[in-house]
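Every read-out reported here was derived from the displayed coordinates using simple, explicitly stated rules and does not represent laboratory data. The shown structure was predicted, so the numbers you read here are calculated from the model rather than taken from an experiment. Note that we place each Cβ from the backbone using ideal geometry, even for glycine, and neighbour counts take in every protein chain shown.
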Amino acid sequence: MDLIADKYAATVLQASGTAVGLSEGLMGNSEVGHLNIGAGRIVWQDIVRIDMSIKKRQFHKNEAILAACKRAKEGTGKLHTIGLVSDGGVHSHITHLFALLETAKEQGVPQTYVHFLGDGRDTAPRSSAKYAQQLLDFTKKLGYGEVATVIGRYYAMDRDKRWERVKIAVDGLVGGVGEPVEGGQEGVVKAIEGNYAKDVTDEFLKPIIVNGDAGRIKDGDTLFFFNYRSDRMREIVSVFGLPNKPMEVTVPKDINITTMSRYNAEFPFSVAFPPQAMTNVLAETLAKQGVKQAHIAETEKYAHVTFFFNGGVEKQFEQETRHMIPSPKVATYDKQPEMSAQGVADKVAETW
């Protein structure tokens with residue numbers, strides 16, 4: 001990189017905050033970076049759109065959110081909210097969950113459960129206890145809402161087809177397979193801190209079952225996935241909502257699913273904040289000019305060089321080829337920090 005910068009024209013780009021369509025002071029991330037580079041312009045991110053809708057009280061009137069509340073109210077009386085609970089701002093934001101709980105209460109949904117996904121990657125590794133306390137303080141003040149499950153993102157937010165991880169999350173959400181909590185809601189923080197004492201940080205929390213069978217996802221229930229970033233929600237949502245399961249798992253029948261953003265163009269679920277129309281992105285412009293292009297990445301970043309780089313759409317343009325190199329099957333990438341760099345390099349050389 002130093003050689004290229006010395007030999008050719010180079011400049012510095014801002015990659016955070018309003019320069020890439022994020023809230024002021026919020027750090028950038030790989031999704032945002034690829035989306036802005038591919039679009040060639042500032043793309044206002046979902047977090048900003050959602051924050052503004054909450055500020056203007058439009059969120060509480062969102063048609064998809066109201067429809068989910070109505071289905072829950074007229075169905076089993078239960079709404080399950082599932083997502084990353086933190087203020088990291090990369091995949092979700094805790095304030096969006098608060099707005100969801102407010103809306104569900106306003107709409108008269110009898111019971112709303114929170115299935116708390118621990119962060120620890122976009123936030124400090126031992127911060128979920130703090131966020132759990134913030135959530136409990138909020139639900140107590142609101143007089144509504146209940147934490148049902150706590151699970152680390154390592155299991156619930158896999159994106160590398162590690163279905164054995166996803167199964168652990170689903171078994172906890174549905175079957176209550178996990179560590180039972182003593183003391184109900186008041187025992188949530190203590191249970192998380194108990195895992196810290198065993199050197200288990202937020203990301204790796206195995207299912208903590210807070211309220212026994214009452215908060216499990218059952219036939220006919222309504223689910224709302226409140227992460228706005230799509231790549232780490234696709235697997236678990238597909239297990240709950242699509243007919244073909246990649247592993248043996250028990251999933252309730254006739255469940256209704258709504259997602260905060262569109263996780264996949266082929267998913268048949270309601271979406272609260274559909275994608276913005278993006279035209280003339282780099283890949284589309286090259287295609288119109290008849291220029292061949294190759295999008296190459298390993299599994300972990302494949303969505304970034306395809307879906308995000310192409311403006312948040314699944315479409316593959318003319319003259320565009322895609323190559324995915326499998327990421328190494330290791331528990332964490334510090335075990336193999338080079339990941340599949342050599343395989344990607346070989347494919348680039350071959351394609352070139």
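In this structure, does residue 271 turn out to be under 25 Å from residue 119 (Cβ atoms), surrounded by 13 or more Cβ atoms within 10 Å (Cβ to Cβ) and over 18 Å from the mean Cα position of the chain (by Cα)?
When the stated conditions are applied, residue 271 does not pass them.
Considering (1) in a strand (DSSP E or B); (2) of a type outside the set (A, V, I, L, M); (3) more than 21 Å from the chain's Cα centre (by Cα), say which one residue 259 fails and leave the rest.
(3)
In the list 81, 103, which residue meets the criterion of being surrounded by 20 or more Cβ atoms within 10 Å (Cβ to Cβ), β-branched (Val, Ile, Thr), touching a helix residue (DSSP H, G or I) at 6+ places or on another chain (Cβ under 9 Å) and in a helix (DSSP H, G or I)?
103
Consider region 124-155. How many of its residues are in contact with an Asp or Glu (Cβ under 7 Å, 6 or more places away or on another chain), closer than 15 Å to residue 97 by Cβ and outside any helix (DSSP H, G or I)?
So the answer is 0.
Say whether the condition of being among the β-branched types (Val, Ile, Thr), surrounded by 12 or more Cβ atoms within 10 Å (Cβ to Cβ) and without any contact (Cβ under 8 Å) to a residue 24 or more places away in the chain is met by at least one residue in region 298-320.
yes
So which of 95, 103, 76 ends up being of a type in the set (Ser, Thr, Tyr), farther than 28 Å from residue 306 by Cβ and touching a His at 6+ places or on another chain (Cβ under 9 Å)?
Exactly one residue qualifies, and that residue is 103.
Can you tell me how many residues within region 156-207 are of a type in the set (Gly, Ala, Ser), part of a helix (DSSP H, G or I) and surrounded by 18 or more Cβ atoms within 10 Å (Cβ to Cβ)?
Number satisfying all stated conditions: 4.
Across region 1-18, what is the total count of residues that are aliphatic (A, V, I, L, M), part of a helix (DSSP H, G or I) and under 15 Å from residue 33 (Cβ atoms)?
0
Say we look at region 128-147 and pick out the residues that are of a type in the set (A, V, I, L, M) and over 19 Å from the mean Cα position of the chain (by Cα); which of these is surrounded by the most Cβ atoms within 10 Å (Cβ to Cβ)?
In this case the residue turns out to be 129.
Scan region 288-306 and tell me whether some residue there is under 16 Å from the mean Cα position of the chain (by Cα) and within 27 Å of residue 54 (Cα to Cα).
no
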